[in-house]
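Okay, structure first, notes after.
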Amino acid sequence: MLETPRLPGPRIAWLSILLLALMALPGVYAARADERVWHHAMSLVDAPEYPADFTHFKWANPDAPKGGSVRLSAIGSFDTLNPYPVAANVPAGIGLVTDTLMVSSPDEASVEYGLIAEAVSYPDDYSSVTFRLRKEARFSDGSPVTPEDVIFSFEMQKEINPQIAYYYQNVVKAEKTADNEVTFTFDVKGNRELPHIMGQLDVLSKAYWTAEGRDLSRSTLTPFVGSGGYRVKSLDAGRAIVYERIKDYWAKDLPVMKGLWNLDEIRYDYFRDPSIAFEAFKAGDIDEYTEASSKNWATAYDFPALQKGLVVKRTVELETPEGMQAFVLNLRHQKFADARVREAFNLVFDFEWANANLFYGQYTRTSSFFQNSDLASSGLPEGRELEILQGLKDEVPPEVFTTPYANPVNATPADFRKNLREAARLMKAAGFSVKGGVLVDDKTGQPFAVEFLLPSGSSFERIVLPYIQNLNRLGIKASVREVDDSQYEKRVNDFDYDIIVFTFSQSESPGNEQRYFWGSAAADRKGSRNFIGIKNPAVDKLIDMIIFAKDRDELVAATRALDRVLLWNHYVVPQWYFAGDRIAYWDKYRRVEPGPRRASAFPMVWWQDEAAAKRIASGKAPE
């Protein structure tokens, strides 16, 4: 888990980014127009690991005991259980209440298996997708899941949430095509991601939400009828929520659920900031803690329970793409319009000092928007990637053809002084001069001032302050402001900031979400994730090439080209990554080892060891 400030906001199933960026493997699941072919799974990078008759995932224990509980921490607050309105501030774990048509495997890259849908079919041109629903699928009140429920779920989510509507903009029709079938029709052909996007649709009960007095567009603290394996048992608004396992959950014995979600109760307690949550974990009031701070990981885990062996501290290495975590510069502000200014901000950031003095050497500098994957650009472009870039030669920085991208390195004080001088030269060339120790705009005489916006309790101020000192050496008046969660969310959604920190998460199969990150149409759409404010025709063209790539090779080439163009425009100041999770937990939970390769998946794949739980309760160390 990366060291980054939290970005509060609504839980939206489709924004679980590892599931959004999918692209179909060419030819494997093609269907002729006159012959529908059904599939139990959709896969991209490789064929699905599990056949149609598989019984359980290899990293799940089908004989895991059911029972026990877990207490987890969350930061901030919540004021509604309804996750679909655009401004919803929902509790952690609310996704447990609702199932989707398909479900992903945390051990495979871009793979979905049937959940509510037992099978999926789509034609050669990917102009539509049809899901065949399981007849045994049920809501938590026992009523069956029908095509009408799926259609209602799609239409209402699209209607009440502009972000969802934008994401589903190419889905023009949802209709019942058989007693247990739903077909979604698209207004484009060749977009192989769209069937996978629809597989992630949350399925809601039409009968429940259309009953008198209920409105899916409004906030509510009343637990609603769901399709998932848990229901809300109790809540203390803004402070705590408890979910209970539905013991007769309709999907509990399906291969995609066998041995998973074993705990009877999952409780989230809310805290004002991570330091208080960590103290609660040390005291035994919280059972598991995912550590985001490298400093804490190196220095804070010396408390008695861990020394006694009652708490386990472990690093779980993961085989996952690492997106771009960065200082995001808001191009909507004129001061960042010149790429030379943005490059200067990168030259002044001393990652090597921060890694040694703040992070205890735990991080690696990020040098790609698709880090730790075959989609990352490197060296000079060649082959198909070079052809793509040559077609945009007059629209992209010339360096994409001549120079491999590399972040500045400050291995020695002399290196930093050299980078500082280069940053000053770039600022001068961009029209800014130092007068009386202050960097000013040569045209207006206005001082160059920037503000870093952080959410309260992010623990990121200690990282920003040394960076501010370096910016001050250039004559830049830099400051930091921490605001509460609601104010932070509003300002970010309104693009009301100079600099924020954000992680643009990626998967092995990027697609439509790239429009949401960098597309010109999203730059002025409040609430989008184009936090940078990019309006670049070349970037738009590259995004379309990714979305409509005909095969994996074309996708990789187009993505590497996009990566290179984003990097050489200096839109962000890259930060760092750690390919894994740092977790600690009271030693009463177990999982299959090795677990999934792409997530520690706590508590999804874990179960409670009753004997160990009793030992922990008595304060006895393991024998």
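Would you point out the residue of the stretch 513-531, among those that are under 17 Å from the mean Cα position of the chain (by Cα) and either of a type in the set (Ser, Thr, Tyr) or part of a loop (DSSP other than H, G, I, E, B) (or both), that is nearest to Glu193 (Cα to Cα)? Walk me through how you get there before you give the answer.
Initially, the stretch 513-531 is screened for residues under 17 Å from the mean Cα position of the chain (by Cα), giving 513-518, 527-531.
Now drop any that are not either of a type in the set (Ser, Thr, Tyr) or part of a loop (DSSP other than H, G, I, E, B) (or both), which leaves 516, 527-531.
Details: Tyr516: 14, Gly527: 23, Ser528: 20, Arg529: 19, Asn530: 20, Phe531: 23 Å.
Out of the qualifying residues, it is Tyr516.
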Flagged pairs (Cβ under 7 angstrom, 6 or more apart or on separate chains; first in the stretch 434-447, open to solvent by 70 Å² or more (accessible area, probe 1.4 Å); second part of a strand (DSSP E or B)) are Asp442/Phe432; Asp442/Ser433; Gln446/Val440
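Can you pull out every residue in the stretch 236-281 that is of a type in the set (Lys, Arg) and either assigned to a helix (DSSP H, G or I) or under 14 Å from Val70 (Cβ atoms) (or both)? Before you say what the answer is, go through the steps one by one.
Pass one, the stretch 236-281, residues of a type in the set (Lys, Arg): 239, 245, 247, 252, 258, 267, 272.
Of everything in the stretch 236-281, those that are of a type in the set (Lys, Arg) and either assigned to a helix (DSSP H, G or I) or under 14 Å from Val70 (Cβ atoms) (or both) turn out to be Arg245, Arg267.
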Subset of the stretch 457-485, residues among the small types (Gly, Ala, Ser) and more than 20 Å from Gln325 (Cα to Cα), comes to Gly475, Ala478, Ser479
By residue number, the members of the stretch 132-162 that are touching a helix residue (DSSP H, G or I) at 6+ places or on another chain (Cβ under 8 Å), open to solvent by 70 Å² or more (accessible area, probe 1.4 Å) and touching a residue at least 60 places away in the same chain (Cβ under 8 Å) are Asp141
Quick count over the stretch 560-595, residues being within 22 Å of Ser377 (Cα to Cα) and either part of a loop (DSSP other than H, G, I, E, B) or charged (D, E, K, R) (or both), is 9
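Let me confirm something: among Asp587, Asp551, Asp544, which residue is in contact (Cβ under 8 Å) with a residue 40 or more places away in the chain, open to solvent by 10 Å² or more (accessible area, probe 1.4 Å) and in contact with a Lys or Arg (Cβ under 9 Å, 6 or more places away or on another chain)?
Numbers: Asp551 fails: in contact with a Lys or Arg (Cβ under 9 Å, 6 or more places away or on another chain); Asp544 fails: in contact (Cβ under 8 Å) with a residue 40 or more places away in the chain.
Among Asp587, Asp551, Asp544, only Asp587 is in contact (Cβ under 8 Å) with a residue 40 or more places away in the chain, open to solvent by 10 Å² or more (accessible area, probe 1.4 Å) and in contact with a Lys or Arg (Cβ under 9 Å, 6 or more places away or on another chain).
If you go through the stretch 23-35 one residue at a time, do you hit one that is charged (D, E, K, R) and either surrounded by 21 or more Cβ atoms within 10 Å (Cβ to Cβ) or modelled with pLDDT of 95 or more (or both)? Explain how you work it out, then say what you get.
Here is the first cut: in the stretch 23-35, the ones charged (D, E, K, R) are 32, 34-35.
Keeping just the survivors that are either surrounded by 21 or more Cβ atoms within 10 Å (Cβ to Cβ) or modelled with pLDDT of 95 or more (or both) gives none.
No, the stretch 23-35 contains no residue that is charged (D, E, K, R) and either surrounded by 21 or more Cβ atoms within 10 Å (Cβ to Cβ) or modelled with pLDDT of 95 or more (or both).
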Can you find a residue in the stretch 508-517 that is surrounded by fewer than 20 Cβ atoms within 10 Å (Cβ to Cβ) and of a type in the set (A, V, I, L, M, F, W, C)? no
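Is it true that Asp496 is among the acidic types (Asp, Glu), surrounded by fewer than 24 Cβ atoms within 10 Å (Cβ to Cβ), out of contact with any Asp or Glu (no Cβ under 9 Å at 6 or more places or on another chain) and not in a loop (DSSP other than H, G, I, E, B)? Spell out the reasoning first.
Values: among the acidic types (Asp, Glu): yes; surrounded by fewer than 24 Cβ atoms within 10 Å (Cβ to Cβ): yes; out of contact with any Asp or Glu (no Cβ under 9 Å at 6 or more places or on another chain): yes; not in a loop (DSSP other than H, G, I, E, B): no.
Criteria not met by Asp496.
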Meets criteria (hydroxyl-bearing (Ser, Thr, Tyr), part of a strand (DSSP E or B) and open to solvent by 10 Å² or more (accessible area, probe 1.4 Å)) for Ser458: no
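Restricting to strands (runs of 3 or more DSSP E) lying wholly in the stretch 47-142: which have 1 or more residues that are out of contact with any Asp or Glu (no Cβ under 9 Å at 6 or more places or on another chain) and not charged (D, E, K, R)?
On the way: elements: 69-75, 102-104, 111-114, 117-121, 128-133.
Those strands (runs of 3 or more DSSP E) span 111-114, 117-121, 128-133.
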Taking the stretch 143-186 and keeping residues part of a loop (DSSP other than H, G, I, E, B) and either among the charged types (D, E, K, R) or farther than 15 Å from Leu216 by Cβ (or both) leaves Ser143, Val145, Thr146, Tyr168, Gln169, Asn170, Asp179, Asn180
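The values are calculated or read from the model by the stated rules, or taken from the named source; none is laboratory data. No experiment lies behind these values; they were computed from the predicted model shown. Every residue, glycine as well, gets a Cβ built from its backbone with ideal geometry; the counts of neighbours run over all protein chains shown. With ligands, DNA and RNA removed, areas are computed over all heavy atoms of the protein, side chains included. Shrake-Rupley method; radii C 1.70, N 1.55, O 1.52, S 1.80 Å.
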